[in-house]
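Scroll down for the structure; my scribbles are underneath it.
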Amino acid sequence: MAYSSSIIRTDVYSMFLEIDRAAFRSIIQFYERHQKDIFHLEEKESLELNIIYLRSLFEVGSYENFLKYVDGAIEAIIFNNILEFEGEDIYYELLFRKASALYHLYRFEDSAYICGQLIKINSDNSLAPHLLRKIYVDRKPKYLHSSRAASLVMFLVTAVLCAIELLLLTSTYEVYQPNVEVVRISVFCLGIALLAGSQLFHFLQSQYRMEKMIR
C-alpha cells in the first residue's frame, strides 16, 4: 500500500510540472486539490511545487493567500540552503513578492521595511528601490489630506464668488465688483498654490526618504 501511495505521489509531481507555467489558475486548482499528496513528497520536490504555487497566487492577485504561505517557503529555502530556483535568486524573489503583496494590501509600513532589507541584501537590484519609491509616494501623510480639503474649500468659495458676481454685482452693486474679483482670483490662486505646493513637498520628501534608505 505504501508503494502504491508513493507511485501516486510521483504521478502528482509529474502531472504538476506538465501544467503550463502561465496557467496560474490551473496550477492553483491542481495544487489545492492534491495538497496532501504534495505535502508527503520529498522535501525538495514539495518545496519546488510550493514555490510554483506561490508564484501563481501572486500573479492572480491572491495576496492574502500568498502571505499566508510565503514565510514557510522562505524558511524552507533557508533551511535547505537553496540559493537559486530556475535561475533566479529565490530568496530575494519571494521577499520582493512579499513586499509587493503587502503594498497591494496597503500595508505600506511592512512593505517599506522589507524593501529596506532587500536593498541591504542587493543594492544593485532596482526592484526594491522602485517599489519603495511607490510606497513613499502612495502613502499619503495627514498634511496632504488636510491641504486637499483646504484647497477644495477655496475652490468652492471661488465658485460662490463667481455666482455672486454674475447674479448681483454686474448690475446692482457694480462698485464692489473689482474688489470681489480680486478676492476671487486670490482665493483661487491660493487654492492652486496650496494643492501644488503640498504635492511637490510630498514628492520631494518621498525622494529624500527613499535616497536616505538606499544610502
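The values are calculated or read from the model by the stated rules, or taken from the named source; none is laboratory data. In this text the structure is predicted, and so the values were computed from the model without any measurement. So basically every Cβ, Gly included, is an ideal-geometry build from the backbone, and we count neighbours across all protein chains shown.
S14 falls short on exactly one of the conditions (1) assigned to a helix (DSSP H, G or I); (2) of a type in the set (S, T, Y); (3) under 26 Å from L132 (Cα atoms); (4) at pLDDT below 95, and that condition is (3).
For every residue, the table says whether it meets (1) without any contact (Cβ under 8 Å) to a residue 40 or more places away in the chain; (2) surrounded by fewer than 16 Cβ atoms within 10 Å (Cβ to Cβ); (3) closer than 25 Å to V12 by Cβ; (4) aromatic (F, W, Y).
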residue: N65; (1), (2), (3), (4): yes, no, yes, no
residue: V70; (1), (2), (3), (4): yes, no, yes, no
residue: A76; (1), (2), (3), (4): yes, no, yes, no
residue: N81; (1), (2), (3), (4): yes, yes, no, no
residue: L95; (1), (2), (3), (4): yes, no, no, no
residue: Y106; (1), (2), (3), (4): yes, yes, no, yes
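One residue is enough: does segment 37-51 have a residue meeting the conditions in contact (Cβ under 8 Å) with a residue 40 or more places away in the chain, surrounded by 12 or more Cβ atoms within 10 Å (Cβ to Cβ) and not assigned by TED's automatic domain parsing to the domain that holds R209? Within segment 37-51, one or more residues are in contact (Cβ under 8 Å) with a residue 40 or more places away in the chain, surrounded by 12 or more Cβ atoms within 10 Å (Cβ to Cβ) and not assigned by TED's automatic domain parsing to the domain that holds R209.
Selection of segment 105-136 for residues being within 11 Å of the chain's Cα centre (by Cα), not hydroxyl-bearing (S, T, Y) and not in a helix (DSSP H, G or I) yields L105, R107.
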